[in-house]
Amino acid sequence: MNICFIGGGNMAKALVGGMLKRGYAPSKIRVVELEEARCAALHEEFVVRATTNMSDAVSYCEIVLLTVKPQQLRGVCADLAPLLTGQLVISIAAGIRARDIARWLGTHHVVRAMPNTPALIRHGVTGLYALPQVPKKGREQADSILEAVGTTLWVEQETQLDGVTAISGSGPAYVFYFIEALQQAARELGLDELQARQLVLDTFIGAAKLADASPEDVATLRARVTSRNGTTERALVSMESNRVRQHIIAAAHAAARRSQELGDELGKDD
């Protein structure tokens, strides 16, 4: 596959880096960027061809990845539409629906992808949705590209991507927020900055790995840590009395609603 990235930001660089580490040839990759300086930096870092000329890059490729911000996507599609000759188009823009992208581009060969920031270290998870007109080969190609930076999960209804956005797309921020709170608690309990960071991060990493490796659900694992009248039970009782669980669930629903709003706002005709 010859692949063209429109936009050379962090997620594009994560995908390019992941593909190269899996043995993908740099000569098969083009990146389109507006600034010559950024093109030079991308070429120096990855040895791929980076250019300001969208026409040359797109004509070379079978797959086009739209790796720009959601607010930029409509303008990019306007420039891209007359250049397409049957290429598969993959968009990672949050919220903007595949049917709107298809309308702007004049093609239904569109896949939407929702990766998350751990893709930067190739531990991401990406939700994927394809319009019905995308052939099996196109789905397989999209899967192969996004698997370069982690795991993939396909949904059959595009509305489910709002849930994916709320859980895995925004999810790293929730985890970082909880880590911040625990680190603050550790400092208040007399530990220094480095001790707080080590204890909290290693606890999160270890607990996540245990949950991933265990055949049991997380509720069972939580119960095993919670001795009757012990310290963990006291902490969990405090969380429950403050409705922490309900607030976390409400926050995820708020994120999903915002994803829907973005689709409505950015996808509507002027």
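Each value in this text was obtained by applying a stated rule to the coordinates, not by laboratory testing. Just so it is clear, the structure is predicted and the values come from calculations on it, not from any experiment. When we count neighbours, we look across all protein chains shown, and the Cβ atoms used for this are built from the backbone with ideal geometry, even at glycine.
Worth a mention:
- Considering region 221-256, and only residues there that are β-branched (Val, Ile, Thr) and within 29 Å of the chain's Cα centre (by Cα), the residue that is farthest from Gly163 (Cα to Cα) turns out to be Val244.
- Beta carbons closer than 8 Å, at least 6 apart along the sequence or on distinct chains, pair a first residue in region 1-14 that is in contact (Cβ under 8 Å) with a residue 12 or more places away in the chain and within 17 Å of Asn116 (Cα to Cα) with a second that is surrounded by 22 or more Cβ atoms within 10 Å (Cβ to Cβ) and of a type in the set (S, T, N, Q) for Gly7/Thr67; Gly8/Thr67; Gly9/Thr67; Met11/Thr67; Ala12/Thr67.
- Strands (runs of 3 or more DSSP E) fully within region 109-201 counting 3 or more residues that are surrounded by 19 or more Cβ atoms within 10 Å (Cβ to Cβ): 110-114, 124-130
- Residues located in region 42-79, provided they are over 23 Å from the mean Cα position of the chain (by Cα), part of a helix (DSSP H, G or I) and hydrophobic (A, V, I, L, M, F, W, C): Met54, Ala57, Val58, Ala78
- Matching entry among Thr51, Thr67 (being hydroxyl-bearing (Ser, Thr, Tyr) and closer than 23 Å to Gly95 by Cα): Thr67
- Exactly one residue out of Val64, Val58, Val76 is of a type outside the set (D, E, K, R), surrounded by 15 or more Cβ atoms within 10 Å (Cβ to Cβ) and under 20 Å from Pro132 (Cβ atoms), and it is Val64.
- Total residues in region 146-177 satisfying the condition of being over 22 Å from Gln260 (Cβ atoms) and within 13 Å of the chain's Cα centre (by Cα): the figure is 7.
- Options Ala25, Ala41, Ala50; residue that is surrounded by fewer than 13 Cβ atoms within 10 Å (Cβ to Cβ) and farther than 13 Å from Val68 by Cβ: Ala25
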